[in-house]
Amino acid sequence: MSNRHLARTIVLQSLYEWDFHTRTKEEAIDITERNLDEFAPDFDERSFTLSLMKGIMDHNNEIIAAITKFAPDWPIERITTVDRNVLRIGIFELMYDDQIPSKVAINEAIELAKTFGGESSGKFVNGVLGAVFRDLSASGKTKEADKPKEEKPKQEKVEPEKPIIKTETTAVSNPEETTEQPKTPKFDFNPNPPKE
């Protein structure tokens, strides 16, 4: 499991607890810090984890509006707690985190849904996040992380010259091109040595 995937897992667990008890934004950060201390005390991505939770809390109203818009047949209360919180993570990363490529945000959310959600959670999350992504693309909003990277000009590869191999017969610049084989010394070898 990658560090960022683990960070998202901790955020999902923290969101689940926060959402289940309907707590304040500040409590969501406290829950996340407690979960980090308990489950990953020496975690390298602590700042990423806390930043992700803070971003979700800061944009929670907009995220809920996006879920409502892109899953119109599913009132927010009817979406399972796991799926709702996976969508919070995915929509935040799609709409507000310019450092995370859209494909990564969608794939990570789908994996979380498959791991922690029900049988059809992955498809549901994929459908909603796909709709969010298409809407963002149609409105011309392209994240910096989604833009193609400029390719560096390719330098011509210079082949080193093949060395000249000297043999007893001739000097050959490329041994594969000659039909004449170099002379090899002959050894007298008798497979049946004389008996003593």
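A short reminder: the numbers here are calculations on the coordinates, not readings from a lab. Only a predicted model underlies this, so the values are computations on that prediction, with no experimental measurement involved. For neighbour counting, all protein chains shown are included, and Cβ atoms are generated from backbone atoms with ideal geometry for every residue, glycine included.
Taking Cβ atoms as reference points and 10 Å as the exclusive limit, the residues near Ile64 contribute a net charge of +2, counting Lys and Arg as +1 and Asp and Glu as -1.
As an exercise, use a Förster radius of 25 Å and the Cβ-Cβ distance of Gln99 and Asn61 to find the FRET efficiency, rounded to the nearest 0.05.
Working: r = 22 Å, r/R0 = 0.90.
The pair Gln99/Asn61 has a calculated efficiency of 0.65.
Using 0.36 nm per residue of separation minus the Cα-Cα distance, give me the extension gain between Ser120 and Asp37 in nm, one decimal. That works out to 26.7 nm of additional length.
Using 1/(1 + (r/R0)^6) with R0 = 45 angstrom and r between the beta carbons of Thr80 and Lys147, what's the FRET efficiency to the nearest 0.05?
0.85
Please list 90-98, 36-44 highest first by mean number of surrounding beta-carbon atoms within 10 Å per residue.
Numbers: 90-98: 22.0, 36-44: 12.3.
Most protected by this proxy first, the peptides run 90-98, 36-44.
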